[in-house]
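Here is the structure we will look at.
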Amino acid sequence: MTHTVAATMAGNPVFTSETYVSDAMSERALLAAELVMTLPDRETWQARYFETAKTQGYPVADAWLIVATAHLME
């Protein structure tokens, strides 16, 4: 199974936040990933996300992404 947020962060989205239905945290993480992929410094965000996923798992990386981008979504 593909991790939806990771696929989006890798530039290969499987779903969009408009069509994805899951728990609220996953939906927020997917929205954050879509936002990050539009930023000029997305490579920095991608590196941090995947390093966090590698060392702590995808749920922690998703939580980090939500918190780290909260100020951008206001």
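Bear in mind these aren't lab numbers, they're just calculated from the coordinates by the rules spelled out. Just so it is clear, the structure is predicted and the values come from calculations on it, not from any experiment. With ideal geometry, Cβ positions are generated from the backbone for all residues, glycine too; neighbour counts draw on all protein chains shown.
Scanning the range 22-74 for residues that are surrounded by 11 or more Cβ atoms within 10 Å (Cβ to Cβ) and among the basic types (Lys, Arg) gives Arg28, Arg42, Arg48. Residue by residue through the range 40-58, note down the ones that are without any contact (Cβ under 8 Å) to a residue 12 or more places away in the chain and touching a helix residue (DSSP H, G or I) at 6+ places or on another chain (Cβ under 8 Å). Passing the criteria: only Arg42.
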